[in-house]
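Peer 1: I am attaching a structure below and will ask some questions about it afterwards.
Bear in mind that the values in this text are calculations on the coordinates, not laboratory data. Source: prediction; values computed, not measured. Cβ placement follows ideal geometry from the backbone for every residue including glycine, while neighbour counts extend to all protein chains displayed.
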Amino acid sequence: MFREIVSGATYRCLIDGQWRDGRVHPPIDVTSPCDGRVIGKIQALSKEEVDEAFAAAKAAQKKWAQTPVNHRAVLLHKAADLLEEHCDEIARILSEEIAKDIDSAVSEVQRTADFIRFTADEGKHMEGETVGADHFPGFKKQRFSVVTRVPLGVVLAIAPFNYPVNLSVSKIAPALMAGNSVILKPPTAGALSALYLAEVFRAAGLPAGVLNTVTGRGSEIGDYLVTHPDVDFISFTGSTAVGRRIASQAQMVPLLLELGGKDAAIILEDADLQDAAKNIVAGAYSYSGQRCTAVKRVLVMESVADELAALLKAHVDKLKVGLPSQPVQITPLINKQAADFVQELIDDAVEKGAQLLCGGRREGNLIYPTLFDRVTTDMRLAWEEPFGPVLPILRVQSVDEAIRIANDSEYGLQSAVFTKNIDRAFYVANNLEVGTVHINNKTERGPDHFPFLGVKASGMGTQGIRYSIEAMSRPKVVIINLGDERHE
Ligand code: NAP
Ligand code: G3H
């Protein structure tokens, strides 16, 4: 099934239903984060080729919008079945190219198949409404509006490296159910599995041009993509820096931005510390901390800090470190630049007197799981997103101090609060400037039909299956004026 995607070692792009070779630039190497080996090559598309992809998407969208919603849903279900059928193969490629441990890679692909099915079903229930004019003073019953939801047109979907399959589908599937066509720009690290995903949709019977892929370095083709006159909506997941750039360039084009985070776990005196420690370590270190929703700082009441720190250390010591093909939690980071950045944060914390409880070692791109106690607010680790397996513990004297430090962050994605007192849990939740607060649970995105959003530098707009379909469609209003209903 996947034969047409690759020509030699180079992956093609799907444009207007055909897998095509690039015509101009030399291809880009996709390398293993573990040993730098070239795993495959992707096209660096020229502007003219990008134009061709947009022209195909624009032309195909008109017909796709006319396709009955129940037909679209059948097609998405087929894609989900195909994805599941090829789960092991796609997960292996994903695991190899982004060094995600194989169990998590398989679970990403399975979760994605579930996501597609749920979206197909949810899309069938997106109904319109009628609104009567007589609700407003001065109007009578003869006038009412019929409000339906219509697609926006061409959706530009830009996905990050850490979930190349799942965070591509979280844009593609809702866009398609709403009747849009899609241009997918996969992350360069993660492009291979994202291109396999595109083939899954093509093989499921998606008409030519409804889903197209464009590859190339974001730093080179990004501006051209986001300012393209044929873009009607941009759904971007990635760093705050790139999100800001996109927001400044995309004029009058609606945006959905899911960006960085510095999620805090706040531990009150009465928390179940065993449970909190288990949750926090799972939340902070899975996929080596390369998740926007990873717990990225612990704010703990001084009176229970010693006990929590010891419990956290015990869990971190048990984390397995190794290669992505093995059943481990900690694998090499995505590239040297990422590992260098995490190392800088570690060095800064050590220099300024944080207490290293475990880790602090590095081999190439592999950073051993690292836990710091007594991190203070003058340290970079208190504020910056490492996107690596490093967790700082900050000790606080009061609930309000924890809330203040949590809110002083530029980010506002999620937070967690651990306590047995529901009133205090809600006090904390109501005062945190974030999209979501978890009570007695680690921060995380799923289940995928929940609304998912960041505030401040963590994003704008709301993702989550129904919310995404709504974001990628708009109301269309037809107003009816009936004649006088009285008969002589
Ligand atoms: P990134 O560097 O911002 O890249 C994300 C995507 O944007 C990639 O496809 C990248 O392409 C592309 N890109 C780069 N420069 C661009 C430009 N100027 N215009 C348009 N597109 C451009 O982020 P990442 O390193 O892949 O992901 C890590 C970051 O994403 C972290 O900050 C993390 O917190 C955040 N994230 C947030 C969420 C969320 O839901 N809130 C989820 C996942 C990740 P190339 O790969 O070719 O550079
Ligand atoms: O990296 C950002 C993802 O949206 C996080 O998803 O909480 O399911 O790992 P997750």
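Peer 1: About its Cα centre, what dipole magnitude does the stretch 286-351 give when the only charges are +1 on Lys and Arg Cβ and -1 on Asp and Glu Cβ, stated in debye to the nearest 20?
Peer 2: Computed charge dipole of the stretch 286-351: roughly 480 debye.
Peer 1: With no solvent and one point on each alpha carbon, what is the Debye value of log10 I(q)/I(0) for the stretch 264-439 at q = 0.15, 0.18, 0.19 Å⁻¹?
Peer 2: Here log10 of I(q) over I(0) equals -0.78, -1.13, -1.25.
Peer 1: I'd like the Karplus ³J(HN,Hα) series for the stretch 137-145: coefficients 6.51, -1.76, 1.60, θ = phi - 60°, whole numbers in Hz, and an x wherever there's a Gly or Pro.
Peer 2: x, x, 10, 10, 5, 5, 10, 8, 10
Peer 1: Here is a further query. For the pair His71 and Thr227, how long in nm is the line joining their label points, each one 7 Å along Cα→Cβ?
Peer 2: 3.9 nm
Peer 1: Among the aspartates and glutamates, select those whose C-alpha is under 14 Å from the C-alpha of Lys141, and discard any that sit fewer than 8 residues away in the same chain.
Peer 2: Partners found: Asp484, Glu485.
Peer 1: Determine the dipole magnitude for the stretch 434-477: charges of +1 sit on the beta-carbon of Lys and Arg, -1 on that of Asp and Glu, nothing else is charged, the reference point is the Cα centre, and the result goes in debye to the nearest 20.
Peer 2: That gives a dipole near 140 debye.
Peer 1: Among the lysines, select those whose C-alpha is under 28 Å from the C-alpha of Lys47, and discard any that sit fewer than 8 residues away in the same chain.
Peer 2: Lys47 reaches Lys58, Lys62, Lys63, Lys171, Lys185.
Peer 1: Also: Sort Leu94, Leu482 so the one with the fewest other Cβ atoms within 10 Å of its own Cβ comes first.
Peer 2: Taking fewest neighbouring Cβ atoms as first place, the list is Leu482, Leu94.
Peer 1: How do the peptides 183-192, 11-20 rank, highest first, by the average count of neighbouring beta carbon atoms within 10 Å per residue?
Peer 2: 183-192, 11-20
Peer 1: How far is it, in nm, from the label point at Val478 to the one at Met126 when both lie 7 Å from their Cα along the line to the Cβ?
Peer 2: 1.9 nm
Peer 1: Could you line up Leu156, Leu273 from fewest to most neighbouring Cβ atoms inside 10 Å?
Peer 2: Lowest to highest Cβ neighbour count: Leu273, Leu156.
Peer 1: From the square roots a ≥ b ≥ c of the eigenvalues of the alpha-carbon gyration tensor of the chain, which class results: rounded (a/c under 1.5), prolate (a/b over b/c), or oblate?
Peer 2: oblate
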